[in-house]
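Structure record follows, encoded as C-alpha cells.
Here, each number is a calculation from the coordinates, and none is a lab measurement. It should be emphasised that the depicted structure is a prediction, and the values quoted were computed from it without experimental measurement. All Cβ positions, glycine included, derive from the backbone under ideal geometry; neighbour counts span all protein chains shown.
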Amino acid sequence: MEKMIHIPVLFHEAMEHMAPKEGKIIIDATLGRAGHARGFLDREAAVIGFDQDLEAINSVKETFGLVQIHDNPLIYKNNNFTVVHDNFKNLAPALDLLGIKAVQGVFFDLGVSSPQFDDSERGFSYRFDTELDMRMDQTQELSAWDIVNSYDVETLSKIIREYGEERFARRIAASIVRNRPVDTTGQLTEIIKQAMPKKAREDQHPAKRTFQALRIAVNDELGALEKGLNSALEVLDTGGRLGVISFHSLEDRLVKNFFKAQEDPCICPRDLPICACGKTPKLQIITKRPIQPSSEEIKLNRRSRSARMRIAERITTREVGEW
Ligand SMILES: C[S@@+](CC[C@H](N)C(=O)[O-])C[C@H]1O[C@@H](n2cnc3c(N)ncnc32)[C@H](O)[C@@H]1O
C-alpha cells in the first residue's frame, strides 16, 4: 500500500519540553506514523507507542522492523521501541503487561492523522464520497453509519451541537432523521448543506462541524482523553512531563481543566489552618498559555494551524495535613 505522510506538529517544541534522553521511557500515546516517536528515539529515549488504528501500527512496524511479542493486545518491539495496538485509555494495563511500573514522559498528539483523513475510504472527510465509517479502531463496532441512522433526533442534535459547536444542529439532525437511510458521506454532506441557511454555508465548509462532531462521538474522543490523562498520572514518575497537543477547543478545554484541577485540587475552605480534604496536587503547569505553531510552521503545514500544546510536570504528592 502507498505510504501516506503525516508531518508531526510542534515537533521542536515537543522535543524541548518532553526532554527525551537516554535512560528515559516516554509513552507516545498517539503514535500515528511515529513522527514524534522518531524524535524521542533519535534522542536515545526508550519509547512505548500506542495507537488504536491497526494501519498506523502496521505501517510503523514495517518502517522500524519491529517483531511481535504479544497477541491481544498486539505488541511489537525492537530494541528500545515498543508499540501497542490499543486505545490509550488502556495504557496502565498495557504497561503492567510489559512489566513497566513508571515512565518519565507521556505525550498525546490528539485527533486524526493525515493518512486517516486523506484515506478516501475511511469516511473522516467530506472531500470523498464513501461509506459512513469514521472509526479510528477498525475492530470497534460502532461507526458513523450507526449513529446517523439509529440515534433519535434529540441525541443527534446534542452530539452535533456539543461536539461540533454547530448553531444549526437541530435543523441538521432533523433533516438527517427525515432522509434516512443515509449511507454515504456524500449523502450526509448534501443533507447538511440543504439544512443550513445559505448565508451560513459561506465561511467554511458547511459539513465541517457536523463531521467533527460525529467523529468525536464515534471514537468517544473526550471520554478516552479523560481516562488517558488519568492513566498518565498513575504511571508518571515525579519530574516526568505530560504533554498534550489538541486541535479543537473541546479537547483543549478538557486538558486545561484537567491540568488546573491536578495543580490545585484542594477543596478545603482557605481559612482552615491545614488541608483536611486529602486532595493533593499532582501536577505543576509548565505552560501557562498553550504553545501554538509559528507562522512558518503553519505556512509549511496548514493542518498545524489549530494546534495547541500544553505541558505539565508530575510533582511529588504532598502529605495530607500540609498546605
Ligand atoms: C495526530 S495523529 C498522531 C501523529 C503522530 N504524532 C506523528 O507524528 O506521526 C493521532 C493518532 O492517534 C491515534 N489515536 C487517537 N485517539 C486515540 C486513542 N484514544 N487511543 C489510541 N490512539 C489514538 C489516531 O489513530 C492517530 O493515528
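Overview of results
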| item | result |
| --- | --- |
| Of residues in segment 88-115 being buried (at least 22 other Cβ atoms within 10 Å of the Cβ) and polar (S, T, N, Q), the one farthest from residue 48 (Cα to Cα) | 113 |
| Tally, over segment 177-216, of residues that are β-branched (Val, Ile, Thr) and either assigned to a loop (DSSP other than H, G, I, E, B) or in contact with a helix residue (DSSP H, G or I) (Cβ under 7 Å, 6 or more places away or on another chain) (or both) | 6 |
| Exclusive hit being aliphatic (A, V, I, L, M), over 19 Å from residue 16 (Cα atoms) and in contact with a Leu (Cβ under 9 Å, 6 or more places away or on another chain), set 291, 216 | 216 |
| Meets criteria (under 21 Å from residue 287 (Cα atoms) and either part of a loop (DSSP other than H, G, I, E, B) or touching a helix residue (DSSP H, G or I) at 6+ places or on another chain (Cβ under 8 Å) (or both)) for residue 37 | no |
| Matching residues, segment 16-68, being of a type outside the set (A, V, I, L, M), surrounded by 24 or more Cβ atoms within 10 Å (Cβ to Cβ) and more than 11 Å from the ligand (Cβ to nearest atom) | 20 |
| Residues of segment 98-140 classified as in a loop (DSSP other than H, G, I, E, B), away from the ligand (no atom under 16 Å from the Cβ) and farther than 28 Å from residue 302 by Cβ, total | 4 |
| Among the candidates 220, 203, residue that is without any contact (Cβ under 8 Å) to a residue 40 or more places away in the chain, at positive phi and surrounded by fewer than 19 Cβ atoms within 10 Å (Cβ to Cβ) | 220 |
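Okay, residues lined up against (1) over 16 Å from residue 107 (Cα atoms); (2) assigned to a loop (DSSP other than H, G, I, E, B):
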{"residue": "244", "(1), (2)": "no, no"}
{"residue": "250", "(1), (2)": "yes, no"}
{"residue": "255", "(1), (2)": "no, no"}
{"residue": "258", "(1), (2)": "no, no"}
{"residue": "261", "(1), (2)": "yes, no"}
{"residue": "265", "(1), (2)": "yes, yes"}
{"residue": "270", "(1), (2)": "yes, yes"}
{"residue": "278", "(1), (2)": "yes, yes"}
{"residue": "281", "(1), (2)": "yes, yes"}
